[in-house]
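Working notes, structure below.
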């Protein structure tokens, strides 16, 4: 997906050719940045980033929507987790090409409708149409997120269902059995938690290829085990050595992006 320099300047976008890996590794492809005013998020300016693999920036690519964690933003996936490089490696190794599209969903809004904001609605009703208008294929999308975004990936997969969600990947998902266990700010109140709890609505994920990972020393490991046990067939992924941190998330990136590519 490319735009001319004149169009980029006129539309307030920036297209950046990302630096490649050191040595003989593949180029990291292209990042395009933009923003829009989201009515679903109460009129908030909502920045976004789209990553394309090398040689495919003009193609009508399927999309993996990436949802950031608490305190993160739309650039965390490539500035911290280096998804641009892992995407290039996975596609360079023969996986079908796809784009990664990451919107900003709020510091701690937890990717569901709540008082004053609806980041889930922003993704479905505003961000996906924006991507379609820019030539990407959003008929059926993939979802991936970590921590708060891992919850969001599972929640949104249930909202979209098998007809619109081709694959969902959740790592270290921030989920709880009960509202009183959740961190402050994740939900408005107990009613908000109950209306949007993932564990209570696993049937909505039926038919969607799933991968769910969590580090064994992560505080979310016990509930992630329960989550995985409650889904049939058992999701790909598992509980691996690691914690709730970027080092663990990077360690799973290649396998997760390859899994997404197989199902998009």
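Taken together, the values in this text are just the output of simple stated rules run on the coordinates, not laboratory data. Note that the coordinates shown come from a computational prediction; the quantities given were computed from them, not determined experimentally. No Cβ is skipped: glycine too gets one built from the backbone with ideal geometry, and neighbour counts run over all protein chains shown.
Results, tabulated for the structure shown:
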item: Those residues of the stretch 138-160 which are under 15 Å from the mean Cα position of the chain (by Cα) and loosely packed, with under 14 Cβ neighbours inside 10 Å, in sequence order; result: none
item: Test result for residue 185, under 19 Å from residue 119 (Cα atoms) and assigned to a helix (DSSP H, G or I); result: no
item: The stretch 161-197, residues that are in contact with a strand residue (DSSP E or B) (Cβ under 9 Å, 6 or more places away or on another chain), without any contact (Cβ under 8 Å) to a residue 60 or more places away in the chain and buried (at least 16 other Cβ atoms within 10 Å of the Cβ); result: 164, 165, 168, 170, 173
item: Test: residue in the stretch 233-252 that is closer than 22 Å to residue 99 by Cβ, touching a residue at least 12 places away in the same chain (Cβ under 8 Å) and buried (at least 20 other Cβ atoms within 10 Å of the Cβ); result: yes
item: Enumeration of residues in the stretch 215-232 that are surrounded by 15 or more Cβ atoms within 10 Å (Cβ to Cβ), in contact with a helix residue (DSSP H, G or I) (Cβ under 8 Å, 6 or more places away or on another chain) and part of a loop (DSSP other than H, G, I, E, B); result: 218, 231
item: All helices (runs of 4 or more DSSP H) inside the stretch 80-178 with 1 or more residues being under 15 Å from residue 261 (Cβ atoms); result: 83-92
item: Candidates 211, 184, 201, filtered to the one that is touching a helix residue (DSSP H, G or I) at 6+ places or on another chain (Cβ under 6 Å) and farther than 16 Å from residue 159 by Cβ; result: 211
item: All positions within the stretch 111-137 that are touching a residue at least 24 places away in the same chain (Cβ under 8 Å), out of contact with any strand residue (DSSP E or B) (no Cβ under 6 Å at 6 or more places or on another chain), over 14 Å from residue 32 (Cα atoms) and surrounded by fewer than 24 Cβ atoms within 10 Å (Cβ to Cβ); result: 113, 114, 115, 116, 117, 118, 120, 121, 124, 125
